[in-house]
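Enquirer: Below: one structure in structure tokens.
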Amino acid sequence: RIVSLSATEAFDKQWLATDRTSSPWRNTVYAAMFHPDPAGIKIAVRKKAPDSLGFTQTSVRVSSADFIFVQFASTAVDPQGGLHVTFFASRDSVTFSLYHALSTDGGSSFSAETKVSDVHFPRYSADERASSIAGLDTGRVYPCPHIVADHSQGASRGSLYMTWTGDGIDRYDGNGTDVFFSRSGDNGASWSPPIVVNDDPR
């Protein structure tokens, strides 16, 4: 059970991940989510221990308090049991970016977030607030960011891969919306320059 009956807080867009590694937190289930409450807005995590029937009833903050917009959490567990949480956020409602934070203690605390990439996106970016994507409800248009950790046995083991939708990085690139990709080989401390992975015509 995640949802509280309190009228002063809410939970939205929960994203789950399970630790299937041999770490001390094996079989823990994590839920990252948008969690507004009287103290403000945040991306937060709750977790369910293997021997528990429910999730913790207090949230661990992931995003810094200076964001004025945060949403769209995604989460992954790496081969060492590290919990990675990403989210889409802005400090000024002008520039929007994807951020990453890491927990190495089973979701009890998180590192300060690092920026994955700026994202230019219809409906959010300051110069494109009235824009839309054909065929989609304008109110449901979002960059759909997702992270996954590499559990292969090769040289890329432990790498993090991030995908999202946008129509540019820091400005509209004139090519409509595309799927972007970025990789981290150092646990999210740095990220490769985003590349477009789709090959549809202009």
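Enquirer: How high is the relative contact order of the chain? Use alpha-carbon pairs under 8 Å, at least six apart in sequence, and give a whole percent.
Expert: Values: 499 pairs, mean separation 27.2, N = 202.
About 13 percent, as a whole number.
Enquirer: If you don't mind, another one. Report the extension gain between GLU9 and GLN153 in nm, rounded to one decimal, defined as 0.36 nm multiplied by the number of residues separating them, less their alpha carbon distance.
Expert: Numbers: separation 144, 0.36 × 144 = 51.84 nm, distance 4.23 nm.
47.6 nm is the gain from fully extending GLU9 to GLN153.
Enquirer: Turning to a different aspect of this structure: Would you mind getting the accessible area per residue of region 82-202, heavy atoms of the protein chains only, 1.4 Å probe, in Å²?
Expert: Numbers: 5810 Å² over 121 residues.
I get 48 Å² per residue for region 82-202.
Enquirer: With θ set to phi - 60° and the Karplus curve 6.51 cos²θ - 1.76 cosθ + 1.60, what are the ³J(HN,Hα) couplings of region 25-33 in order, to the nearest whole Hz, using x for Gly and Pro?
Expert: In residue order, the calculated couplings are 9, 3, 6, 6, 9, 10, 10, 9, 7 Hz.
Enquirer: Run the accessible area of region 1-98 with a 1.4 Å probe and give the carbon-and-sulfur part as a rounded percent. It would help to have the intermediate numbers written out before the result.
Expert: On the way: 2590 of 4520 Å².
Result for region 1-98: 57 percent of the exposed heavy-atom area is carbon or sulfur.
Enquirer: Counting other Cβ atoms within 10 Å, keep those with at most 11, restrict to DSSP loop, and tell me which trypsin sites (Lys or Arg not before Pro) in region 4-54 are left. The partial results should precede the final answer.
Expert: Numbers: sites: LYS13, ARG20, ARG26, LYS42, ARG46, LYS47, LYS48; in loops: ARG20, ARG26, LYS42.
Here no trypsin sites (Lys or Arg not before Pro) fit, given the DSSP loop and packing criteria.
Enquirer: So, one more: Taking N as the number of residues in the chain, what value does Rg over Cα atoms divided by 2.2 N^0.38 Å take?
Expert: Working: Rg = 17.2 Å, N = 202, 2.2 N^0.38 = 16.5 Å.
Cα Rg divided by the expected 2.2 N^0.38 Å: 1.04.
Enquirer: Okay, next question. Relative contact order of region 99-202: what whole-number percent is it, with Cα pairs under 8 angstrom and at least 6 residues apart?
Expert: Working: 180 pairs, mean separation 23.2, N = 104.
Taking the mean separation of contacting Cα pairs over the length of region 99-202, I get 22 percent.
Enquirer: What does the net charge come to around ASN27 if you take all other residues with beta carbon closer than 14 Å to its beta carbon, with K and R at +1 and D and E at -1?
Expert: Values: positive: ARG20, ARG26, LYS47, LYS48; negative: ASP19, ASP51.
That works out to +2.
Enquirer: If you don't mind, another one. Stick to Cα atoms and the Kirkwood definition of Rh, then tell me Rg/Rh for region 66-106. Mind dumping the intermediate values first?
Expert: On the way: Rg = 12.0 Å, Rh = 11.1 Å.
Reported Rg/Rh, Kirkwood definition of Rh: 1.08.
Enquirer: Plugging the Kirkwood radius over Cα pairs into Stokes-Einstein for region 116-185, at a temperature of 20 °C and a viscosity of 1.002 mPa s, what D comes out in µm²/s? If you can, show how the numbers build up before the last one.
Expert: Values: Rh = 13.4 Å.
My calculation gives 160 µm²/s for D.
Enquirer: Quick one: what are the phi-derived ³J(HN,Hα) couplings along region 192-198, Karplus 6.51/-1.76/1.60 with θ = phi - 60°, whole Hz, x for glycine and proline?
Expert: 5, x, x, 10, 8, 9, 7
The values are calculated or read from the model by the stated rules, or taken from the named source; none is laboratory data. This is a predicted model, so every value here is computed, not measured. FYI the Cβ positions are ideal-geometry reconstructions off the backbone, even for glycines, and counts take in every protein chain you see. Side chains included, ligands, DNA and RNA excluded: accessible areas come from the protein's heavy atoms. Shrake-Rupley method; radii C 1.70, N 1.55, O 1.52, S 1.80 Å.
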